[in-house]
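Okay, so here's the structure we're looking at.
The values are calculated or read from the model by the stated rules, or taken from the named source; none is laboratory data. Worth saying up front: this structure is predicted, and the values here are computed from it rather than measured. Cβ placement follows ideal geometry from the backbone for every residue including glycine, while neighbour counts extend to all protein chains displayed.
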Amino acid sequence: MEVLRALPAAFGTDADAQLLRAVLLTNSGELAEAENVCRRLLESDELNAGAHYLLALCREQAGDSRAAVDHNQAAAYLDPGFAMPHVHLGLVARRAGDLETARRELEQAWVLLSREDAARILLFGGGFSRHALAELCRAELAACGGVS
């Protein structure tokens with residue numbers, strides 16, 4: 001975060017720098033500020049799948065599962081190759097008892113993770129590797145009656 005703060009003022013509005021700031025805020029639990037950054041990003045670029053995904057994480061932590069699902073679905077729609085919204089949709093569905101949706105989303109995530117860009121896994125994977133995320137999907141699928 002200190003590195004981002006030390007960037008020249010011109011980077012203050014750079015979408016990539018702001019997305020990185022939102023990731024760091026989300027990961028450090030500063031969810032209200034992360035949401036503010038994401039909402040500002042979406043004001044200038046409503047098609048930013050990463051901002052939608054981070055908003056989904058923040059909304060879930062705030063207890064707003066409906067908004068979390070909506071933002072995850074937006075992220076997945078805007079970027080069909082983005083695995084993390086599918087992971088999150090699968091986990092949310094499983095917790096809600098919707099095993100059919102959980103299986104569908106986790107299977108999709110599992111497939112997408114094998115092709116996901118390594119930098120995006122690093123950015124949005126919450127510190128987990130591609131392998132760890134794939135194993136999470138496999139374990140969750142098995143728990144809800146999917147592939148083992």
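Quick check on my filter: what residues within the range 124-142 are assigned to a helix (DSSP H, G or I), hydrophobic (A, V, I, L, M, F, W, C), out of contact with any Lys or Arg (no Cβ under 7 Å at 6 or more places or on another chain) and over 14 Å from P85 (Cβ atoms)?
Kept after step one, since they are assigned to a helix (DSSP H, G or I), are these residues of the range 124-142: 124, 130-142.
Cutting the leftovers down to hydrophobic (A, V, I, L, M, F, W, C) gives us 124, 132-134, 136-137, 139, 141-142.
Add one more test, that the residue is out of contact with any Lys or Arg (no Cβ under 7 Å at 6 or more places or on another chain), and what stays is 124, 132-134, 136-137, 139, 142.
Those that are assigned to a helix (DSSP H, G or I), hydrophobic (A, V, I, L, M, F, W, C), out of contact with any Lys or Arg (no Cβ under 7 Å at 6 or more places or on another chain) and over 14 Å from P85 (Cβ atoms): A132, A134, L136, A139, A142.
Just checking: which of the helices (runs of 4 or more DSSP H) contained wholly in the range 36-123 hold 2 or more residues that are within 11 Å of the chain's Cα centre (by Cα)?
On the way: elements: 49-61, 65-78, 83-95, 99-113.
Of the helices (runs of 4 or more DSSP H) lying wholly inside the range 36-123, those with at least 2 residues that are within 11 Å of the chain's Cα centre (by Cα) span 49-61, 65-78, 83-95.
Taking the condition in contact with a Ser or Thr (Cβ under 6 Å, 6 or more places away or on another chain), of a type outside the set (D, E, K, R) and over 17 Å from L47 (Cβ atoms), does A118 pass?
Numbers: in contact with a Ser or Thr (Cβ under 6 Å, 6 or more places away or on another chain): no; of a type outside the set (D, E, K, R): yes; over 17 Å from L47 (Cβ atoms): yes.
No; evaluated as a whole, the condition is false for this residue.
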Item to check | Neighbours by Cβ (under 7 Å, 6+ apart or cross-chain): first from the range 87-116, surrounded by 17 or more Cβ atoms within 10 Å (Cβ to Cβ); second among the hydroxyl-bearing types (S, T, Y) | outcome: V92/S65; A93/T101
Item to check | Residue tally, condition closer than 8 Å to A56 by Cα and not polar (S, T, N, Q), over the range 67-81 | outcome: 5
Checklist entry - Does V23 satisfy the criteria of being in a helix (DSSP H, G or I), surrounded by fewer than 23 Cβ atoms within 10 Å (Cβ to Cβ), within 11 Å of the chain's Cα centre (by Cα) and at pLDDT below 95? => result yes
Checklist entry - Looking at (1) modelled with pLDDT under 95; (2) touching a Cys at 6+ places or on another chain (Cβ under 9 Å); (3) closer than 25 Å to G90 by Cβ, which is the only condition Q18 fails? => result (3)
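Please verify whether R59 is touching a residue at least 12 places away in the same chain (Cβ under 8 Å), surrounded by fewer than 19 Cβ atoms within 10 Å (Cβ to Cβ) and not hydrophobic (A, V, I, L, M, F, W, C), treating the condition exactly as stated. Before the answer, list the steps.
On the way: touching a residue at least 12 places away in the same chain (Cβ under 8 Å): yes; surrounded by fewer than 19 Cβ atoms within 10 Å (Cβ to Cβ): no; not hydrophobic (A, V, I, L, M, F, W, C): yes.
It is false that R59 is touching a residue at least 12 places away in the same chain (Cβ under 8 Å), surrounded by fewer than 19 Cβ atoms within 10 Å (Cβ to Cβ) and not hydrophobic (A, V, I, L, M, F, W, C).
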Checklist entry - Would the range 66-86 turn up any residue that is closer than 28 Å to R115 by Cα, at pLDDT below 95, surrounded by 14 or more Cβ atoms within 10 Å (Cβ to Cβ) and not basic (K, R)? => result no
